[in-house]
Every structure is written in C-alpha cells, then in structure tokens.
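Chemist: If you scroll down you'll find the structure; I have some questions about it.
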Amino acid sequence: MPVRRLDPVLIDQIAAGEVIERPAAAVKELVENAIDAGARRIDVVVEKGGRRLIRVSDDGSGMGPEDLALAIERHATSKLPEGRLDSIRTLGFRGEALPSIGAVARLTITSRLQAASGPSLHAIPAGSSGASGQAETSAHRIRVDAGRVEPVRPAALAPGTRVEVEDLFHATPARLKFLKGDRAEAMAVSQVMRRLALARPDRAFSLSGDHIAGFDLAAETADKAGLSRRVEALIGGEFMENATWLEASRDEIGISGLVTLPTYHRATAEAQYIFVNGRPVRDRLLIGALRAAYADTIVSGRHPSVVLFLTLDPERVDVNVHPGKLEVRFRDGESVRGLFVRAIRDALAGEGHRTASRPSVLLERFRVNGHAPISALPGLAWRPQAPSPLSPPQPVEAPLPVWLRGGMAEAQQGFEARPDERETLAIPPLGFARAQISETYILAENAEGLVIIDQHAAHERLVYERLKRARAGGGIMRQMLLIPAVVTLDPAARDRLVAAADLLESLGLVIEGFGGDAVLVREVPAALAHLDPVKLARETADTLAEWGGSESFEARIDLVLKTFACHHSIRAGRKLRLEEMDALLREMEASPASAQCNHGRPTSVRLSAVDLAKLFGRR
C-alpha cells in the first residue's frame, strides 16, 4: 500500500486521542486556557459526566473574530511569543486542545474582548493580527462539529469567553465505549477542578452538574490564610487539623505548603496535590521523593496527604514531556528530590510527638454508658503510688478503679523515689505514668489531661531508632551463638536469605547456606540474643519477600531493622512497673520519631481536660 497523507480531520482525531482521553482532560485544558487568559472567575458546568455537555465560562481577556478563527487551528498559540520551549510560563503552550476537542465533539466558542484588553492568551499565533490590534468590543462565536468549521458570527456575551463542548466523542464512537459511567467521569472532573482550584487560590472557581459535589469558591488572598481557607474548602477541616506547614529553599528552588502527620494516612494517593510553578503534576520523581520522605513513618500501602508548591526558574524544568502535561523533567532532579525529602522530614520532625487528631471519632470510641462508669470498666490495674526502684513489683488486680491521685503537683510530691520531681513542678510532655490497662496500654497524666500509650508500638519504634543509630555509628553489635541454629526453609525463602547474607551481616545477623533447603544462623544482633534464632531467620526471610525490586538499598536495610525491632520490643500483655513505664515515656520524649510506630499507627492518644469533660457531659 502506498504512503499517503492523512485527512486533516483524521489527524486531529488522532491527536485528540492523546490530548483528550476523557471529559476530565477536556475540562483541564479549557480551564487552563481560562487561567492563562487572566480570568479572575471561572465557572464550569457538566452534564452526564461531561460527555453530554461541558461549559467553561471565564472573565478573561477574551478574543476577537480573527483570534477565534485561528483558535481552532492546530498549533496556533500566543503562549510561545519567542518560539521557545525552554522557558514556558503558561499552563498551555501547544495549541492542540481546541482543535482536538473540535475534531471529536461539537465545539462552540463565544468570546468578547475586554475593553482595553492586552494580548489574548487563548490559542492564537504569535505575530498575527490578533486581539492586541483590534478595537472590537462586541462578542463573536465560532462552531466546530467533528472537524467541520462554521464561519465566525456575531453573538451576545459579557467580556470574557464561554466554551461549550457537546456530545464529546460522538465523532469517535470507539473512544466513547471506553468511557466509564457518568458518576465516575464526573468524579474525575471534580478531582481535576480541585487540583486547579488549589493551584490558584487567587482565582474564583465554581463547579456544578449532575453526579458532582460542586463548589463555589471566592478568590482568596495570596498568603497562608488564603491558602488555608481554600484547602479547608476543598479537602476538609480534618486535613488542616492534621497537617503542618513547611517552607524551604535551596539553590533557587523553593518548596512550601502543607503535609499531614505520619499518623494521618489514607488508602490511596488521591489527596496528594503537587504543583510545579503553579502546574498540577503527577510526576514520578516527586511522588518517589514524597514516598521516601515518609518511608520511615508510614506503613507500606498507606499514603500521606499533601498540598505542596515547588517553584523554580522555568528554564530548569521541561514541561513538554507528557501529552497531558502531568509529568515534568528537571534539569537537576537530584537537587529537587533532596530538597523535597529534607523539607518534609524537617517539618514532621518539628511537630515532635503530635499525632493525628480525630476528636469526634475518639470521643465516640471512649463514650461510656451512664450505667457503666469509667472506674468500673474491666481490665484496669490499680497502682496507687510509685514504688521504690528496689521494691518488688506491685500486684496487679483487675478489675479495680484507676486512681489518679489529686493533681500533678500533689502526685509529684507523693513520689518518694523521685526527689528531683519533688523539687520542680515541671511536667514532661507525656506526663507521668499512673496505671496500665490490660497489660497493653499505659495511662499517663500530663499538664493538659490524659495520655494513653500503646506500650508495644512505642517501644518498637524506639528500638528501631536505636538500631538505626547503632548502624550509623559503626555497626550493630553481634552475639555469637554457642551452637549455630539450623533453619529449614522452603527453597525460595532459603535463596532469599543466602542472597542477602552480606546485607544481613552488616545488620548483625550472620547466615550461611547449609545444603539443601537449610541455612545456618551463626550470629544474631546482640539486642536480639534472647530470641529464638529459628523464628528470627524465618520472619526475616518473609520480610525479604516484601521487596519489590524498586526499593533503595537504605529502604531495604530499614525494612529488616523494623523486623528486628518488632521482635525485641515490649510485647502487649507484659506487666510493667511505674518506673519502667516512666522510663519508656522519657525515651519517647527524647526521640522525635516516636509519635508513630514502624507501621504508621499512633503510639499515643491524648485527651485534654476539655475532651474528658465532654465524655462526662460537662461540656
């Protein structure tokens, strides 16, 4: 078959398949055009998930009749005035969106120039006799139906532009079949609009239509307060309650925004909003950096929520690497990644022992029926006074009431074994231990109220941090077994251990092949010498099975150390003396990462005096 030129309409339909793959993509392109046109307000309406109708109205600079005629031609744009792709400062720049939409739908564009308008930022070619040279102030309209263009005609419209897309993909039925249901497509439109509205808090946005939880947002101020209001309106107050601000810069690269505490995580990455020079992106380098920043604090399979703005010279980032402009390429990706990771980790470390706060859920969990007072709840252990460190452990009786004697000052004066605490009324952040519940949870009292600590989760985190410090300080001490342990495994598990022998040796676990399906355990980390080496080897093999191949060397080491820490930690069900509990609290306060365990769960929950009053109906 001879080579031939394709029909222009078919070319546009092929291009549309890359640029406009679903209604949400069309909404994104049209709203970005409105933002580039300087619009202060952008209103979006969709019907049947966007396949029946998409209407985007703005009060931007508008276009005259000559601009309208050029706007629906491929690669016609005013956004590259110097004809360069290495310094793009607008959201759009290719001039493909409008002709692509017009090739697969019924497209109507109505526009009117603003009085004393500057150059239009809608799709017109640089150097043409476009809006900047026209004195036209009436509106005009152009229509395109599956690539067939109608002449420009007069119309009625306030200054600005209105774009209507009807019967999307009616000209390409094959693509129409691959769309999801109306509700799913509407949700995708809503997510796109949320990202764009977060990117530009200084603009007003509205979204309405069937199957959509719409919004109508006023323009906000260009400061933290304005961004806070926009974030709360679009993501929710719970996000703001569990987020912390960050702001950092290095080598003329800046990052700012909000990241959630490690104990506030979600099952999907949907609530991760990242912007590069105001452009919403789903970039692999940045997502990987975000994962690395939280790797030590969030369990695999869970995701933090963030709203982050990265700013740098446009010449240092290439935005022309993805059909939907969702990915970018940085000239110095390592610098960007390093700043990203360090800024997030510093912000989280600055929050100390703060954990996720969900008071309504928490109070519901602690709700007590009027016929079952809290003092009568089963499993509570009574510990009236702190014993002397030399005295035998106090007997644990249950169910007996928890006795929180007096206030903190009176309680401190009653600690005969703590003269330093008698001399000062300074109360540590996690307070002092008062009781143990079900031999699993520590009850402590601080200046604000009650603190409940999961003893195993807290100690597991502390052991993990100790192991990391030991490795960084020259190596983890090892204990040689008097009789090496022979461990029989399935072939795959045995091969994993043998292949990782060098890595495990650097972590204190010395293993070697022992023929067939067995390995020999010769040495174990000194901190784990009391453990069953067979069980340790088996569970380490299971941990190695979790490696997907993309983790960094450091991430693999951390995963093994977490396994070791889990084995060595205080288990649930172990009775602790008050001084043991207090020692655990003091070590938690000295470790900034102790607010969450190695699996991303909170290690402590706090109930303020106000929360306690609410529990008993006093507030």
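Chemist: Pick out, from the stretch 245-352, the strands (runs of 3 or more DSSP E) lying fully within it that include 1 or more residues that are open to solvent by less than 20 Å² (accessible area, probe 1.4 Å) and either in contact with a Pro (Cβ under 9 Å, 6 or more places away or on another chain) or hydroxyl-bearing (S, T, Y) (or both).
Modeler: 253-260, 272-276
Chemist: Sticking with this one: How do the strands (runs of 3 or more DSSP E) wholly within the stretch 118-176 filter down when requiring 3 or more residues that are at pLDDT 90 or above and crowded, with 17+ Cβ neighbours inside 10 Å: which remain?
Modeler: Per the criteria, 139-145, 160-166.
Chemist: If you check E18 against the conditions, is it surrounded by fewer than 19 Cβ atoms within 10 Å (Cβ to Cβ) and either of a type outside the set (S, T, N, Q) or modelled with pLDDT under 90 (or both)? Walk me through how you get there before you give the answer.
Modeler: On the way: surrounded by fewer than 19 Cβ atoms within 10 Å (Cβ to Cβ): yes; either of a type outside the set (S, T, N, Q) or modelled with pLDDT under 90 (or both): yes.
Against the criterion (surrounded by fewer than 19 Cβ atoms within 10 Å (Cβ to Cβ) and either of a type outside the set (S, T, N, Q) or modelled with pLDDT under 90 (or both)), E18 qualifies.
Chemist: Looking at the stretch 597-613, can you tell me whether even one residue there is over 26 Å from the mean Cα position of the chain (by Cα), at pLDDT 80 or above, within 13 Å of H459 (Cα to Cα) and not in a helix (DSSP H, G or I)?
Modeler: Within the stretch 597-613 (the criterion being over 26 Å from the mean Cα position of the chain (by Cα), at pLDDT 80 or above, within 13 Å of H459 (Cα to Cα) and not in a helix (DSSP H, G or I)), the answer is no, since none of the residues qualifies.
Chemist: Also, quick follow-up: Could you list, in sequence order, all residues of the stretch 153-168 that are of a type in the set (D, E, K, R) and over 9 Å from T110 (Cα atoms)? Even if it seems obvious, please write down each step before you answer.
Modeler: Filtering the stretch 153-168 for residues of a type in the set (D, E, K, R) gives 153, 162, 164, 166-167.
Once the filter is applied, which keeps residues that are of a type in the set (D, E, K, R) and over 9 Å from T110 (Cα atoms), the stretch 153-168 yields R153, E166, D167.
Chemist: If only one of V487, V498 is modelled with pLDDT of 85 or more, part of a helix (DSSP H, G or I), over 14 Å from P525 (Cβ atoms) and in contact with a strand residue (DSSP E or B) (Cβ under 6 Å, 6 or more places away or on another chain), which one is it?
Modeler: Values: V487 fails: part of a helix (DSSP H, G or I).
Matching residue, one of V487, V498: V498.
Chemist: Sticking with this one: Based on what the data block shows, is E232 open to solvent by 60 Å² or more (accessible area, probe 1.4 Å), touching a helix residue (DSSP H, G or I) at 6+ places or on another chain (Cβ under 8 Å) and outside any loop (DSSP other than H, G, I, E, B)?
Modeler: Considered against the rule, which asks whether it is open to solvent by 60 Å² or more (accessible area, probe 1.4 Å), touching a helix residue (DSSP H, G or I) at 6+ places or on another chain (Cβ under 8 Å) and outside any loop (DSSP other than H, G, I, E, B), E232 comes out as yes.
Chemist: List pairs: first in the stretch 570-581 and closer than 17 Å to A457 by Cβ and in a loop (DSSP other than H, G, I, E, B), second modelled with pLDDT of 85 or more and of a type in the set (V, I, T), Cβ under 6 Å, 6+ apart or cross-chain?
Modeler: The qualifying pairs are A572/T440.
Chemist: Okay, next question. Among P491, P484, which is the only one that is touching an Asp or Glu at 6+ places or on another chain (Cβ under 6 Å) and without any contact (Cβ under 8 Å) to a residue 40 or more places away in the chain?
Modeler: Every option except P491 fails the conditions.
Chemist: Just checking, which of E270, E252, E247 is out of contact with any Leu (no Cβ under 7 Å at 6 or more places or on another chain), charged (D, E, K, R) and at pLDDT 90 or above?
Modeler: Numbers: E270 fails: at pLDDT 90 or above; E252 fails: out of contact with any Leu (no Cβ under 7 Å at 6 or more places or on another chain).
Being out of contact with any Leu (no Cβ under 7 Å at 6 or more places or on another chain), charged (D, E, K, R) and at pLDDT 90 or above holds for just one of E270, E252, E247, which is E247.
Chemist: Does the stretch 78-102 hold any residues that are open to solvent by 20 Å² or more (accessible area, probe 1.4 Å), modelled with pLDDT of 70 or more and of a type in the set (S, T, Y), and which are they?
Modeler: Within the stretch 78-102, just T90 meets the criteria.
Chemist: Scan the stretch 237-255 residue by residue and report those that are among the aliphatic types (A, V, I, L, M) and without any contact (Cβ under 8 Å) to a residue 24 or more places away in the chain.
Modeler: Residue satisfying the conditions is M240 alone.
Chemist: I'm trying to understand the selection: among the residues of the stretch 501-537, which are part of a loop (DSSP other than H, G, I, E, B), open to solvent by 20 Å² or more (accessible area, probe 1.4 Å) and touching a helix residue (DSSP H, G or I) at 6+ places or on another chain (Cβ under 6 Å)?
Modeler: If the condition is that a residue be part of a loop (DSSP other than H, G, I, E, B), open to solvent by 20 Å² or more (accessible area, probe 1.4 Å) and touching a helix residue (DSSP H, G or I) at 6+ places or on another chain (Cβ under 6 Å), then D517, L531 are the ones that fit.
Chemist: Quick check on the stretch 200-218. Is at least one of its residues assigned to a helix (DSSP H, G or I), without any contact (Cβ under 8 Å) to a residue 24 or more places away in the chain and touching a strand residue (DSSP E or B) at 6+ places or on another chain (Cβ under 9 Å)?
Modeler: Scanning the stretch 200-218, I find no residue that is assigned to a helix (DSSP H, G or I), without any contact (Cβ under 8 Å) to a residue 24 or more places away in the chain and touching a strand residue (DSSP E or B) at 6+ places or on another chain (Cβ under 9 Å), so the answer is no.
Chemist: Looking at (1) touching a Ser or Thr at 6+ places or on another chain (Cβ under 6 Å); (2) surrounded by fewer than 16 Cβ atoms within 10 Å (Cβ to Cβ); (3) at pLDDT below 85, find the lone condition where A472 falls short.
Modeler: (1)
Chemist: Only one of R194, R175, R183 is of a type in the set (K, R) and closer than 14 Å to D43 by Cα; which? So that I can check it myself, show each step before the final result.
Modeler: Numbers: R175 fails: closer than 14 Å to D43 by Cα; R183 fails: closer than 14 Å to D43 by Cα.
Exactly one residue qualifies, and that residue is R194.
Yes/no matrix, rows are residues, columns are (1) over 20 Å from R89 (Cβ atoms); (2) touching a strand residue (DSSP E or B) at 6+ places or on another chain (Cβ under 9 Å); (3) buried (at least 24 other Cβ atoms within 10 Å of the Cβ):
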| residue | (1), (2), (3) |
| --- | --- |
| L30 | no, yes, yes |
| A34 | no, yes, yes |
| R41 | yes, yes, no |
| V46 | yes, yes, yes |
| G50 | yes, yes, yes |
| D59 | yes, yes, no |
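Chemist: For the subset of the stretch 287-308 comprising residues that are of a type in the set (A, V, I, L, M) and under 18 Å from W245 (Cα atoms), which member is nearest to the chain's Cα centre (by Cα)?
Modeler: The selected residue is V306.
The values are calculated or read from the model by the stated rules, or taken from the named source; none is laboratory data. The shown structure was predicted, so the numbers you read here are calculated from the model rather than taken from an experiment. Because the Cβ atoms are built from the backbone with ideal geometry, glycine has one as well, and the counts that use them run over all protein chains shown. Please note that ligands, DNA and RNA were not included when accessible areas were found on the heavy atoms of the full protein model with its side chains. Shrake-Rupley method; radii C 1.70, N 1.55, O 1.52, S 1.80 Å.
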